[in-house]
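Here's the structure we're looking at; comments come further down.
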Amino acid sequence: MAAPVRPLPTLEEFRTQLRRHSLKATRQRLAVHQVMMELEHASADEVREELARRGSCVTVASVYNILSQLADCHIYARRLSATNKMFFDIENGRHIHLYDRENHTYRNLVDDELSTLVAAHLKRRKFKGYSIEDIDIQLIARPTRKTKTP
């Protein structure tokens, strides 16, 4: 059975995760995490824009480096959009994504039945020369009616 999407890590839990990876809880890392707690899925550009709205002057390169480092430590996860733009996901546990192809946004989709069916099917399969490490399901969709992007 698929693990349910966990609650987002609090600032204190985030600090603990950083310590586990011998990373300092710098002002910039904490600011990036606070924005990601609200956005959940975002590109470095989106995080930098939100930081700028809040009065923080952080370059997009610095934001990208922070997000990449957190993904490398498995604190965040990476998502590659249909337009080859890198998005980061604050939830790194197993869950399904619904990718909106028109608005280039991600939504978490909790569907334990689908996750269980896929995991059970793949458990019975062998792929010569490979072992399955994880399952990542992304559904690519288009809105059925025009939606406004935030």
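The mean accessible area for residues of the chain, using a 1.4 Å probe and ignoring ligands and nucleic acids, is 66 Å² per residue.
Across the options G93, N108, A82, the greatest Cα extent toward the positive end of the charge dipole of region 63-123 (unit charges at beta carbon of Lys, Arg, Asp, Glu) belongs to A82.
On full extension, the segment bounded by H21 and Y130 gains 36.3 nm, given 0.36 nm per residue less the C-alpha separation.
Taking the longest Cα principal axis of the chain as reference, the axis of helix 112-123 is set at about 60 degrees. Overall, region 31-108 carries a charge dipole of about 100 debye about its Cα centre when +1 sits on the Cβ of Lys and Arg and -1 on the Cβ of Asp and Glu, all other atoms neutral. Using the alpha-carbon atoms, what tilt in degrees (0 to 90, nearest 10) does helix 11-20 show relative to the longest principal axis of the chain? Once rounded, the angle reads 80 degrees. In the chain, the longest principal axis of the Cα atoms and the axis of helix 27-39 are about 50 degrees apart. Taking 0.36 nm per residue of separation and subtracting the current Cα-Cα distance, fully stretching the chain between M86 and L11 would add 24.6 nm. Every helix of 4 or more DSSP H residues in the chain counts as -39500 (n - 2.57), and over all residues that averages to -12000 deg cm²/dmol at 222 nm. From the Cα gyration tensor of the chain, with a ≥ b ≥ c the square roots of its eigenvalues, which class applies: rounded if a/c is under 1.5, or else prolate if a/b is larger than b/c, or else oblate? It is oblate, given that a/c is not under 1.5 and a/b is not larger than b/c.
The values are calculated or read from the model by the stated rules, or taken from the named source; none is laboratory data. The structure presented is a predicted model; accordingly, all values stated were derived computationally and were not measured. Glycine gets a Cβ as well: all are built from the backbone with ideal geometry, and neighbour counts include every protein chain shown. Protein only, heavy atoms only, side chains kept; ligands, DNA and RNA dropped before computing areas. Shrake-Rupley method; radii C 1.70, N 1.55, O 1.52, S 1.80 Å.
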